[in-house]
Amino acid sequence: MKCIKNAVVVFFALSILFCGLLSIPLKSAAAQSSSDIASMIHIYNDPDEVKEEEESQVYLPENRNWQGLPYIAVTESRIWVTLYSGGVAEPDPNGLNYTALAYSEDNGKTWVDPYIVFDNPGKNSYMSIWTDPNGRLYLYFIVQTEGRDYYMYEYYTDNPDAKDIQDIQWVGRRSTKGASSKPYVIINEKGQKEWLSFQNYRILSSVDGGTTWQEKGECVPHEDTLDYLDTDEPSLYQCTNGDLVALFRIGNGALGGVQKFVSKDFGKTWSEGEFNLGAPYQSPGSKIASMTLDSGAILICSHDNTTSIGGATRKGLTLYLSDNDGVSWYSLVLESRESSYPEIFQDKDGTIYVAYDRGRYTTNSIRLTILNEQDIKNGFYSDKMNHNIKVAGIGITKDIEQVNIPSEIEVPLGTSYEDVLQKFPEKIEIYDEDGKKYEIDRKDMLSYSYKPDREGVYMFEVSSWPENLLDVHELLKVNVVVKESPVEGGCNSSVYGGTIVVVGLVSAFLIICGIELCCRKIKK
């Protein structure tokens, strides 16, 4: 009996010790979170630390061959973006993949990359980032064990905006969520905030702020899609009437590339999967992102096509916005060239942030666009420089950051093509992100649709420039507005207008004189 009591005491002591290991504050790469993950997570409070440590230099942007799959979160003073890289591809045949967390403190102008690295020897895993309604910042890791089992691990911090990055206190623990997606916050039938997360096609729920999770419902894929479910990559939004819409990827753009499920009881039961729905519920075999904005509008980022293998793979990444629960959509092209894996975030001021990878194996960059709902409704970016911000780039390509030509020129109807070109500087100056200057002749400004005798807006753009430069902000595209000018002496001319004024004044004087004369006659 005494042995049993001693065993119970030892068991509880070990349990307390183990639980303590899962909640240790982390402030450096040497900090221990738990025995099975401590060696996988590295925190570099000093950016120079990565450069100085030979074994860490593999994580530097300049040593990456490719990068993609970003996630994004924004706090009071920092933008946080995660990315996936390492080795020659994903998955890397030699197990060299890792995920990294970068941040910016100046609205995307400069970045510290990496700050945290998750280097899981099991691979085929990722790091996602999320902020809860109270401002706590979470990092989620899918950890793959040697036996190829998976579990969820999380770091969180309550002070992500500490003035000194070294003062951020991270806490690590194994998560009971055990899900494959970040949480989504909905308003449930009681009018309360409820967290939902996906474990593949199962929906997990937490009503205590993520402390505990329970299975709530499940989406059952349509039988016609079963042969194409290479990965799920779910996202979720809530309509103004409370309905939930879950979107899942269908592989290779098959059957429209997206499967849609609807729940009318806050996630308990779900409709049969729908597919081949067209924009915005389509994809060429890539992740899509969706969310409900603070205004109640729905925002979806997906591709404008379903073309995949053998075609224009993953081009036409587009933002779709609906302010009537999906009855109709506004759209704005995010990137016409090859781009994928968007992730969207909205801060408390309503600003929208979209992270995505652009040319994962070609231009090799993680990009960020910052805009608002009105930009999407207008169909153009109010600030071009906030479009396609470079978070992390590798290789020899450089972004064009400044030019000496305007974004719009107005000319009268009948202006010849040659006279339009005279409106541009003789030498067009181009400056890259490093400040290096390039020059091209204005004759290289071309438009294939210009019609001098027809009013309208015509695009003139530079036909060629140094191949190491990328015009991601579209600074070398100029709208030429052709408008009918006032005809001299016509209705709109100042001469004619002045004549009307004079005639009007004379007429008024004569009428007044006539009235006065009539009044005198009446009095007589």
key: strands (runs of 3 or more DSSP E) completely within the stretch 148-239 that count 1 or more residues being of a type outside the set (Val, Ile, Thr), within 23 Å of the chain's Cα centre (by Cα) and more than 30 Å from ASP106 (Cβ to Cβ)   = 193-199, 235-238
remark   = Of the listed residues (SER494, SER463, SER507, SER485), the one being small (Gly, Ala, Ser), in contact with a strand residue (DSSP E or B) (Cβ under 6 Å, 6 or more places away or on another chain), over 29 Å from ILE370 (Cα atoms) and at pLDDT below 95 is SER485
request  = Take the residues in the stretch 47-67 that are within 27 Å of the chain's Cα centre (by Cα) and not in a helix (DSSP H, G or I), then tell me which one is farthest from GLY359 (Cα to Cα).
outcome  = LEU60
inquiry  = Return the pair list, or none, for Cβ contacts closer than 7 Å from residues in the stretch 457-471 that are touching a residue at least 60 places away in the same chain (Cβ under 8 Å) to residues that are part of a loop (DSSP other than H, G, I, E, B) and loosely packed, with under 14 Cβ neighbours inside 10 Å, at least 6 apart or on different chains.
reply    = ASN468/ILE396
query = Can you name the residue in the stretch 136-147 that is at pLDDT below 95 and within 23 Å of the chain's Cα centre (by Cα) and is also surrounded by the fewest Cβ atoms within 10 Å (Cβ to Cβ) among such residues?
reply = ILE142
query = Of the residues that sit in the stretch 374-412 and are among the hydroxyl-bearing types (Ser, Thr, Tyr) and within 22 Å of GLY456 (Cα to Cα), which one is surrounded by the most Cβ atoms within 10 Å (Cβ to Cβ)?
reply = TYR381
key: Residue among THR415, THR369 that is polar (S, T, N, Q), crowded, with 16+ Cβ neighbours inside 10 Å, outside any strand (DSSP E or B) and modelled with pLDDT of 95 or more   = THR415
ask   = In this structure, does PRO70 turn out to be assigned to a strand (DSSP E or B), within 30 Å of ILE187 (Cβ to Cβ) and touching a Lys or Arg at 6+ places or on another chain (Cβ under 9 Å)?
value = yes
Residue list for the stretch 453-464, restricted to those being surrounded by fewer than 17 Cβ atoms within 10 Å (Cβ to Cβ) and either among the hydrophobic types (A, V, I, L, M, F, W, C) or not in a strand (DSSP E or B) (or both) = ASP453, ARG454, GLU455, VAL457, MET459, SER463, SER464
note = In the stretch 324-336, anything farther than 23 Å from THR307 by Cα and out of contact with any Ser or Thr (no Cβ under 7 Å at 6 or more places or on another chain) is listed as ASN324, GLY326, VAL327
remark   = Of ARG360, ARG337, the only residue that is surrounded by fewer than 19 Cβ atoms within 10 Å (Cβ to Cβ) and either out of contact with any Cys (no Cβ under 6 Å at 6 or more places or on another chain) or assigned by TED's automatic domain parsing to the domain that holds PRO70 (or both) is ARG337
request  = Evaluate the stretch 101-123: report whether one residue or more is assigned to a loop (DSSP other than H, G, I, E, B), crowded, with 21+ Cβ neighbours inside 10 Å and under 20 Å from the mean Cα position of the chain (by Cα).
outcome  = yes
message = Of everything in the stretch 281-314, what is in contact with a strand residue (DSSP E or B) (Cβ under 7 Å, 6 or more places away or on another chain), part of a loop (DSSP other than H, G, I, E, B) and closer than 21 Å to TYR201 by Cβ? Give them in sequence order.
response = TYR281, GLN282, SER283, SER286, LYS287, ILE288
query = Just wondering, is there one or more residues in the stretch 169-182 that are outside the structural domain of GLY257 (by TED's automatic domain parsing) and either surrounded by fewer than 14 Cβ atoms within 10 Å (Cβ to Cβ) or farther than 23 Å from TYR126 by Cβ (or both)?
reply = yes
Single residue of GLY285, GLY296, GLY310, GLY251 found to be within 22 Å of the chain's Cα centre (by Cα), at pLDDT below 95 and at positive phi = GLY285
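The values are calculated or read from the model by the stated rules, or taken from the named source; none is laboratory data. Predicted model only: the values in this text are computed from it and were never measured. Cβ sites come from the backbone with ideal geometry, for glycine too, and all protein chains shown count toward neighbours.
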